[in-house]
Amino acid sequence: MNMELVEALRDLEKERGVNADVLIEAIEAALISAYKKNFGAMQNVRAYCDRSTGEIKVFSQRTVVDEPDDLRSEISLEEARLLSPNYELEDVVETEVTPKNFGRIAAQTAKQVVVQRIREAERELVFDEFSNRKGDIITGVVYRHENKTILIDLGKTEVVLGPNEQMPGETYNQGDRIKAYIIDVKKTTKGPQIMVSRTHPGFLERLFELEVPEIQDGVVEVRSVAREAGSRSKIAVHSVNENVDPLGSCVGPKGMRVQAVVNELRGEKIDIVKWSPEPEKFIANALSPAKVVSVEIFAEEKLGKVVVPDYQLSLAIGKEGQNARLAAKLTGWKIDIKSESQAAGEPEPE
């Protein structure tokens, strides 16, 4: 049993990255509890597991005093010096007290400790890995529904897709492969809880990053995203190289890149607009596909007054105000839209 234990610990160190010394220290601590429970609850003892042979021994520990009050924890100087003339007061005398039938208890205790520590170590490794991946996309397999929550299997662990993070109208069947965006990783008593989303604006940004090499290379930058998941989104992009068209890069040859993102989002409409440091231009671009006649900026109010052709008013505002609402989110400006005829009939603002 002893050599098997040592070999098992070495294998675990190689395969799982669990430090064998840490495991042995945990086993020794557990053996002390097991010994006290079965053989001597009041004794001070030390358990020792030989790192090379796996042999397990238990030693009682007694402090050297002039006149012992409790022989289970103390020993007289005279008696200690019969064992070794070098002992002085306050020294600790160790005597082996390993019971004959302790091997079976030791084996059982070691197994429990190893299983527990492996589980803890694996949870720690999973937490470390995924806490560094916040904002990344994962791909997994739907394997269980709990009420309205979806559990996704990643192989090493599972992630949670909560009801509010699921796209409206989407159905998730057992065995489906789906992508999701890591929004948070928490430590719990049951191990790390990894929360993911398919509605987060960051999901859209990361999907474009996967599809557009220019974004991966840093030539094209995503400056802002506004999203109403399952319905419509806007993404503002900018090129740091004047020879690279940010819109064309994101659309891709024959629209393949943007179509791949749309397909992943089950048909969500996506407007790709050009970012500009000038708020007038950015607001005009953000209202795409509507054409804009003029934009007047009121910086103190963070307001942009927009004039569009009469026939473009409904397009600029969008169904139930969606286009204007997304443009406001994208730019960070309040947007007031008027048609040319409405603007002509209004007095100029002070």
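The values are calculated or read from the model by the stated rules, or taken from the named source; none is laboratory data. Predicted model, so just to flag it, every value in this text is computed and none were measured. We place every Cβ from the backbone using ideal geometry, glycine too, and count neighbours over all the protein chains shown.
Scanning the stretch 72-110 for residues that are at pLDDT below 85, more than 14 Å from residue 45 (Cβ to Cβ) and surrounded by 14 or more Cβ atoms within 10 Å (Cβ to Cβ) yields 103, 107, 110. Residues that are of a type in the set (Lys, Arg), loosely packed, with under 14 Cβ neighbours inside 10 Å and either at pLDDT below 95 or more than 12 Å from residue 226 (Cβ to Cβ) (or both) are absent from the stretch 304-312. Evaluating residue 123 against the criteria (1) under 22 Å from residue 12 (Cα atoms); (2) out of contact with any Gly (no Cβ under 6 Å at 6 or more places or on another chain); (3) not assigned by TED's automatic domain parsing to the domain that holds residue 175 leaves one unmet condition, (2). Of the residues contained in the stretch 167-184, none is found to be of a type in the set (D, E, K, R), more than 24 Å from residue 222 (Cβ to Cβ) and in contact with a Phe, Trp or Tyr (Cβ under 8 Å, 6 or more places away or on another chain).
Only strands (runs of 3 or more DSSP E) whose full extent lies in the stretch 9-120 are considered here, and none of them has at least 3 residues that are without any contact (Cβ under 8 Å) to a residue 12 or more places away in the chain and within 30 Å of residue 189 (Cα to Cα). Examine the stretch 241-262 for a residue that is surrounded by fewer than 18 Cβ atoms within 10 Å (Cβ to Cβ), within 26 Å of the chain's Cα centre (by Cα) and under 30 Å from residue 155 (Cα atoms), and state whether such a residue exists. The answer is yes, given that some residue of the stretch 241-262 is surrounded by fewer than 18 Cβ atoms within 10 Å (Cβ to Cβ), within 26 Å of the chain's Cα centre (by Cα) and under 30 Å from residue 155 (Cα atoms). Checking 249, 224 one by one, the residue that is touching a residue at least 12 places away in the same chain (Cβ under 8 Å), farther than 23 Å from residue 178 by Cβ and in a helix (DSSP H, G or I) is 249 and no other.
Within the stretch 275-303, if we keep just the residues that are of a type in the set (A, V, I, L, M, F, W, C) and more than 12 Å from residue 337 (Cβ to Cβ), the residue that is surrounded by the most Cβ atoms within 10 Å (Cβ to Cβ) turns out to be 282.
The single residue among 69, 128, 176 that is more than 17 Å from the chain's Cα centre (by Cα), modelled with pLDDT under 90 and not β-branched (Val, Ile, Thr) turns out to be 69.
Given 322, 342, which one is touching a residue at least 60 places away in the same chain (Cβ under 8 Å), outside the structural domain of residue 233 (by TED's automatic domain parsing) and surrounded by fewer than 18 Cβ atoms within 10 Å (Cβ to Cβ)? On inspection, the qualifying residue turns out to be 322. Do we have residue 334 as surrounded by fewer than 16 Cβ atoms within 10 Å (Cβ to Cβ), farther than 30 Å from residue 197 by Cα and at pLDDT 95 or above here? No; evaluated as a whole, the condition is false for this residue. Restricting the stretch 159-191 to residues that are in contact (Cβ under 8 Å) with a residue 24 or more places away in the chain and either of a type in the set (D, E, K, R) or assigned by TED's automatic domain parsing to the domain that holds residue 267 (or both) leaves a set whose member that is nearest to residue 208 (Cα to Cα) is 179.
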